[in-house]
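Step one of this worksheet: look at the structure below.
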Amino acid sequence: MPAPSASETLLVPDRRDDGERQSSGAQRGPFGKVFVRKGPGATTSGRGTTAFAADLLNQAASRLRTLALLYAFTFFMAAFVPALLISASREMLFSSPLHWAPGVISITAALAVAFALGAVQLRPAAVMVVALIFEVVSSYGIAAAEFLQPLGDFGGPWIGLSWVAVWMLLYNVVVPTVPRYAMAAALASVTSVPVMILLSLAVFPPAAAPGALDIFFTFVFPYLLVVIMAYVGARVVYALGTEVTRERDLGSYRLVEQLGVGGMGEVWKANHRLLARPAAIELIRWPQLGESLGVAEDVRRRFEREAQVIAQLRSPHTVTIFDFGVAEDGAFYYAMELLEGLDADRMIRRFGPMPAERVVWILRQICHSLSEAGACGLVHRDIKPANVFLCRYGEDHDFVKVLDFGIAKAVYQAPAGETALTIANVIQGTPAFIAPEQALGGGDLDSRADIYSTGCVAYWLLTGQLVFTAETPMKLLLAHAHDEPKRPSARTELPIPKELDALVLSCLAKNRENRPGSARSLLDRLDAIALDHRWTEDRAGEWWSTHMPAQAAGG
């Protein structure tokens, strides 16, 4: 599947209720809410350590731009501000182009680099070339401003390190570069000092020229030491960068780009090292895991057992799991398919409520996924719009993928005495879409809890509104436990068939015995609804071509 665009690949938002969810979602997987940190147990890729990760090079571009702006600002303050304030300095500066031209050229070059990096998206290799060239050019600018003037007899301006040395050391620490390239650029940069000294001697010959040893120990030896220090600094920065790169190799996958990060985990776009197949990888961490549950071996076994069951789900409407694993330090990770489209939460926020026939189309696909899961004894426990993903899938449009099947119950079991009211956002679901038995802390959950949450999703799709709203998550939980909802048709101007209106309320029954008994039963009742118009693949394709053309075309 082609890589989706950045604006439409925020697949599943953070696990929070409607009032708390962060605006920058990211693909969240089918295993639920439990997170621990990825450790060093992952294997490395075959790329070796000759290059930085792409995002590290992107950071280098940002740092280079900042450094270029800092260079221009500092050069202006040092070379021109005194001339603006002091008449003697002004007369000296403008007495010869040799005095002001190096500053003007250097500042112009720095601003050009900063502008280019801000306006043009350069490839990482091009950024490195620009960085190396700018280091040399900027060093010559500093040396010209310092030495391209009458220096008088040996001493004074001749003694001490040039600002070129300071600039080189700062440059190699701030802008990461492959060490051998850094050394080559440093050697080229330090030539600026003797070159400008020799040019100054030719243009402004002193009464007594310095001797060979003076020249060596003043203009050569100190700068050789600076080159060595710059090389060591570049190696340290490079080593840190490549270490991060190695840590981003996980199993058979190469982590390419971070799609999202939450309080308990990270989601990355990844590429398989051998197959031309992009994936989304979730790195799961929960730092308090060891503190709350003690030895993690039992947790690890439960994770593996639950993951194996979920990975066997074959419904096309359940997100596909490619791989999963547990690192030596107990870190959990899994790889899933990378999708193109929007979750139902973003879809409604962006385009508004849907017609009844389209809602039925979507609900049928959700039921298909939940029906298989229920047959396997799995309860999702967190069905919500953010976990219902609408996408282009092959030649199909408005194709539903149910995300985030919960490993939470298998990994985190509530301590005795705790209820869903105290850990509602950890294991039992999202308050805006939670079943009454979950809100009240009922431990014996079955698939009818998912039916209730599916009813909440249907309500959202039909009306663009939540079943209940409240000032706090606690009040929202209590509303789901005790308050009766209004009919969907009373909260929208769009026509809703009476049968669908009644079916949604049936799903939202407080007593689970009064809800459809299973996802298959709900699917059958959806099929029995008489609709004036049917939502078809042709209509879906037209909608996507009009409203989301990039995804409709598979780009």
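The values are calculated or read from the model by the stated rules, or taken from the named source; none is laboratory data. All of these numbers come straight from a predicted model, not from anything done at the bench. Reconstructed Cβ throughout: ideal geometry from the backbone, glycine too, with neighbour counts over all protein chains shown.
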Legend entry - Exclusive hit being crowded, with 18+ Cβ neighbours inside 10 Å and modelled with pLDDT under 90, set Val467, Val402, Val411, Val457: Val411
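Can you tell which of Val178, Val190 is over 21 Å from Leu69 (Cβ atoms), within 34 Å of the chain's Cα centre (by Cα), crowded, with 19+ Cβ neighbours inside 10 Å and of a type in the set (Val, Ile, Thr)?
Values: Val190 fails: within 34 Å of the chain's Cα centre (by Cα).
Just a single option satisfies the conditions, and that option is Val178.
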Inset, instruction - Determine, yes or no, whether Ile496 is part of a helix (DSSP H, G or I) and aliphatic (A, V, I, L, M). - result: no
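When you go through Val220, Val226, Val232 one by one, which is the residue that is among the β-branched types (Val, Ile, Thr), farther than 22 Å from Val174 by Cβ and at pLDDT 70 or above? Steps first, answer last, please.
On the way: Val226 fails: farther than 22 Å from Val174 by Cβ; Val232 fails: farther than 22 Å from Val174 by Cβ.
Going through Val220, Val226, Val232 in turn, the sole match is Val220.
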Inset, instruction - Go through segment 331-369 residue by residue and tally those that are crowded, with 21+ Cβ neighbours inside 10 Å, under 18 Å from Leu500 (Cβ atoms) and aliphatic (A, V, I, L, M). - result: 8
Inset, instruction - Look at segment 380-398 and say how many of its residues are surrounded by 21 or more Cβ atoms within 10 Å (Cβ to Cβ) and touching a Gly at 6+ places or on another chain (Cβ under 9 Å). - result: 12
Legend entry - Subset of segment 77-88 that is out of contact with any Lys or Arg (no Cβ under 9 Å at 6 or more places or on another chain) and surrounded by 16 or more Cβ atoms within 10 Å (Cβ to Cβ) - its residue that is modelled with the lowest pLDDT: Ala79
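Each row is one residue, and each column tells you yes or no for (1) surrounded by fewer than 19 Cβ atoms within 10 Å (Cβ to Cβ); (2) hydroxyl-bearing (Ser, Thr, Tyr).
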{"residue": "Asn514", "(1), (2)": "yes, no"}
{"residue": "Ser518", "(1), (2)": "no, yes"}
{"residue": "Asp524", "(1), (2)": "yes, no"}
{"residue": "Asp527", "(1), (2)": "yes, no"}
{"residue": "Leu531", "(1), (2)": "yes, no"}
{"residue": "Ala540", "(1), (2)": "no, no"}
{"residue": "Met548", "(1), (2)": "no, no"}
Inset, instruction - May I ask you to verify whether Leu132 is of a type outside the set (Gly, Ala, Ser), in a loop (DSSP other than H, G, I, E, B) and surrounded by 15 or more Cβ atoms within 10 Å (Cβ to Cβ)? - result: no
Inset, instruction - Look through Glu499, Glu484 and report the one residue that is in the same structural domain as Gly377 (by TED's automatic domain parsing), closer than 22 Å to Ala449 by Cβ and either surrounded by fewer than 17 Cβ atoms within 10 Å (Cβ to Cβ) or small (Gly, Ala, Ser) (or both). - result: Glu484
